[in-house]
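Heads up, the thing below is written out as structure tokens.
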Amino acid sequence: MLGGSSISRASFINFLEAMKDMGVLDAEERTGKDSQHFVYKMGTDEAGFKQYVAETLLESLMRDIPEETKIAVSRFAL
């Protein structure tokens, strides 16, 4: 439970699949006693994940508020 409400199994699986599609997670299909299931693991190392988050955030900011983002980024230019 998060904040007093529960998350459905389907919502959690959809989240894991979205992370797999983005390359954040890898999944291996396995056969169990009664059915097939996926085992998820990191699709990248910590540095790769941090790079993914930074790039995704900057792409979103450049799309939504490009001028303000350019000004903010220029303040950090090395």
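A few points about this structure:
- Any hit, the stretch 64-76, residues being in contact with a strand residue (DSSP E or B) (Cβ under 8 Å, 6 or more places away or on another chain), on the phi < 0 side of the Ramachandran plot and surrounded by 12 or more Cβ atoms within 10 Å (Cβ to Cβ): no
- Residue match in the stretch 56-76 (condition: at pLDDT below 90 and under 13 Å from the mean Cα position of the chain (by Cα)): no
- Candidates are the residues of the stretch 1-30 that are basic (Lys, Arg) and in a helix (DSSP H, G or I); the one that is nearest to SER74 (Cα to Cα) is LYS20.
- Complete set of residues in the stretch 31-55 that are closer than 22 Å to ILE13 by Cα and outside any loop (DSSP other than H, G, I, E, B): THR31, GLN36, HIS37, PHE38, VAL39, TYR40, LYS41, MET42, PHE49, TYR52, VAL53
The values are calculated or read from the model by the stated rules, or taken from the named source; none is laboratory data. None of these values were measured; they are calculated from a predicted model. Virtual Cβ from ideal backbone geometry, glycine too; neighbours counted across all protein chains shown.
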